[in-house]
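Note sheet for the following structure.
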Amino acid sequence: MKKTTLGWSDVTPKHLWLNRRAVLAGAGAALLAGPATAKLTYSPSSFSTTEEPNSFEDITSYNNFYEFGTGKEDPARNAGALTTDPWSIVIDGLVDRPGTYDIADVVKDQPLEERIYRFRCVEAWSMIIPWIGFELSGLLNRVGVQPGAKYVAFETLVRPDEMVGQQSPILDWPYREGLRLDEAMNPLTILATGLYGEEMPKQNGAPIRLVVPWKYGFKSIKSIVRISLVAEEPPTTWNMLQPSEYGFYANVNPTVDHPRWSQATERRVGSGLFGGRQDTLMFNGYEAEVASLYAGMDLAKFY
Ligand SMILES: Nc1nc2c(c(=O)[nH]1)N[C@H]1C(S)=C(S)[C@@H](COP(=O)(O)O)O[C@H]1N2
Ligand SMILES: [Mo]
């Protein structure tokens, strides 16, 4: 496998790189100040919603990231232990240029954009999140997808000494997710490296995570270390755990309820105990962009 030698310093504007090193070097101070972050350079995107984003506080203190515990406050408490530099991603399977890529090489030349997306968890809560990221298609095109590839499989890091949740067999680690190739290539699908203009906080999936805004949140896998192009539908964590409740597609759909609760409405996090309920939108409001991907499919069967 090809080992790339580029580092952050080769592809990051000097002042940003220096910032990042300075923040990391002053780790004691950074701990007090919250997650180690550096400003990212990006442009706004026409795919953004005009809804008011949730606060940085909401987005970084109410999380699902079972590698750091099952409670919503566990990731903010425990994710500081994760080492995110150095970080590399294995890209393998049906690609022309497989290899172990340093994250700097993965993000190299990919145009960073701010995408303010609706984010809907399968547990019927939602947020509006200003991600910074780039289209997954940009990376897939760079590594060269071979004709036999029909799906993309993703895996999260396994490192139980830093990820306390992995010390228990609550899930069959690593956390795994997958997309059909056309879903992966859709321009709404991004790899996010930050939010609110700063590097990704660890509890949100540093240094790089998937965001698929028309699907339930569990599809948006965090802290990715492997991307594989494959011919068959790959096994996915929640589907493996409970297939009758969590399908491979997991498209947000107010007309198909979860066996144990309705998906017709959602609670917008941070908007108050009583005032925050609203109707859930088909494909989370991205129907115009993605409905054609599922033409002719029975969405009650392929949930
Ligand atoms: N590796 C990993 N990725 C994950 C999860 C997880 O437990 N582990 N939880 C998923 C779920 S259920 C949701 S709702 C979102 C939450 O993302 P956020 O904490 O950034 O809002 O992350 C998803 N990605
Ligand atoms: Mo979720």
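The values are calculated or read from the model by the stated rules, or taken from the named source; none is laboratory data. Note that the coordinates shown come from a computational prediction; the quantities given were computed from them, not determined experimentally. Cβ: placed from backbone, ideal geometry, glycine included. Neighbour counts: every protein chain shown. Surface areas here come from the heavy atoms of the whole protein model, side chains and all, with no ligands, DNA or RNA. Shrake-Rupley method; radii C 1.70, N 1.55, O 1.52, S 1.80 Å.
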The chain, accessible area per residue, ligands and nucleic acids excluded (1.4 Å, Å²): 44 Å²
Span from the region 75-141 Cα centroid across to the region 154-197 one, whole angstrom: 8 Å
Prolate/oblate/rounded call for region 5-244, Cα gyration tensor, a/c under 1.5 rounded: rounded
Normalised convex hull volume, region 194-302, alpha-carbon set, Å³ per residue: 157 Å³
The chain, helix-only ellipticity at 222 nm - DSSP H runs n ≥ 4, -39,500 (n - 2.57), divided by all residues, nearest 500: -4500 deg cm²/dmol
Long-range HN-HN contacts of Val95 with modeled amide H, under 5 Å: Gln146
Apportionment of accessible area to carbon and sulfur, region 5-244, percent (1.4 Å): 55 percent
Cα-based convex hull volume of region 51-102 per residue, rounded to whole Å³: 158 Å³
Global geometry of region 67-197, whether rounded, prolate or oblate, following the gyration tensor of its Cα atoms and the 1.5 cut on a/c: prolate
Integer Hz, Karplus 6.51/-1.76/1.60 couplings in order for region 55-69, x for Gly and Pro: 6, 4, 4, 4, 5, 9, 10, 10, 10, 10, 6, 4, 4, 10, x
J(HN,Hα) series, region 82-93, from Karplus relation 6.51 cos²θ - 1.76 cosθ + 1.60, nearest Hz, glycine and proline x: 6, 7, 10, 9, x, 8, 10, 10, 7, 10, 9, x
Spin-label model distance (nm) - Lys39 vs Leu293, 7 Å beyond Cα toward Cβ: 3.4 nm
Cβ charges +1 (Lys, Arg) and -1 (Asp, Glu), total dipole of region 176-300, debye: 480 debye
Amide H within-cut-off set for Val225, under 5 Å, with H built and near neighbours excluded: Glu155, Thr156, Leu157
³J(HN,Hα) computed for each position of region 98-104 - Karplus, 6.51 cos²θ - 1.76 cosθ + 1.60, integer Hz, glycine/proline x: x, x, 9, 9, 5, 4, 4
Whole-number percent relative contact order across region 166-291, with pairs defined as alpha carbons under 8 Å at least 6 apart: 20 percent
